[in-house]
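Let me begin by presenting the structure, written as structure tokens, before commenting on it.
The values are calculated or read from the model by the stated rules, or taken from the named source; none is laboratory data. Every value quoted in this text rests on a predicted model; they were computed, and no experiment measured them. Here the Cβ is made from the backbone with ideal geometry for all residues, glycine too, and neighbour counts use every protein chain on show.
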Amino acid sequence: MLKSLLLIVLALAIALGGGAGSVWLMMEEVEDFGALTIGEWSVNPTEGTPQADPYAKARFAREGKLSLGAAEGAQFVAARDTTGQPLRGACDYVVTGNVPASRFWTMHAVQPGAAETPRALQSLALLRDASGSFSIALSRHLAPGNWLQIGTEGPYRLVLAVYDTPTVGTADFAEITLPRIVRERCNG
């Protein structure tokens with residue numbers, strides 16, 4: 001009798017632990033189903049819509065995001081640099097290039113689990129060269145020109161939110177050109 005009870009408790013523990021572990025893995029580690037990759041950046045056109053997969057809906061609700069309509073814009077997220085290495089606060093990066101034609105855009109770094117409000121750059125206060133391109137230093141240390149301060153030594157994601165753009169609603173996402181994220185040096 002006791003042996004049967006222990007086996008039942010063990011089976012329930014494995015089932016609950018395995019179920020909770022698989023949900024955690026899908027919520028934290030697995031990219032959204034249907035996400036498109038453009039260079040280092042990814043975008044999920046169905047994010048925040050009824051067409052999104054159940055895990056993306058749960059992640060969206062947990063993070064308290066606001067949905068952008070297709071005509072309002074899109075959020076592009078990068079977790080890796082041009083070499084495929086994860087973005088880390090112990091490294092300095094340079095983001096160069098252009099964003100799709102838009103009325104306004106912002107860029108900020110998000111550390112997983114951080115409660116603080118991220119620092120952000122926005123398109124109206126950005127220094128550009130004669131061609132309209134920009135260069136942004138991502139670093140924990142002060143840098144000249146356009147600088148986005150990173151508040152962590154650990155991993156983070158870079159979020160580029162593009163607002164009021166005709167590109168997202170009318171073009172194929174694969175045809176969009178986004179900035180490159182190049183690692184310069186690491187301190188450890």
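Taking Val99, is it within 15 Å of the chain's Cα centre (by Cα) and closer than 15 Å to Val77 by Cα? First the steps, then the outcome.
Working: within 15 Å of the chain's Cα centre (by Cα): no; closer than 15 Å to Val77 by Cα: yes.
In short, no.
Scanning for something under 21 Å from Gln111 (Cα atoms) and at pLDDT 70 or above, does segment 44-55 turn up at least one residue?
Yes, segment 44-55 has at least one match.
Listed residues Glu116, Glu175; which is out of contact with any Lys or Arg (no Cβ under 6 Å at 6 or more places or on another chain), more than 19 Å from Ala35 (Cα to Cα), modelled with pLDDT under 90 and not hydroxyl-bearing (Ser, Thr, Tyr)?
On the way: Glu175 fails: more than 19 Å from Ala35 (Cα to Cα).
Only one candidate qualifies: Glu116.
Considering only residues that are within 17 Å of Asn98 (Cβ to Cβ), aliphatic (A, V, I, L, M) and either in contact with a helix residue (DSSP H, G or I) (Cβ under 8 Å, 6 or more places away or on another chain) or part of a loop (DSSP other than H, G, I, E, B) (or both), which ones fall in segment 127-160?
Result: Leu127, Ala130.
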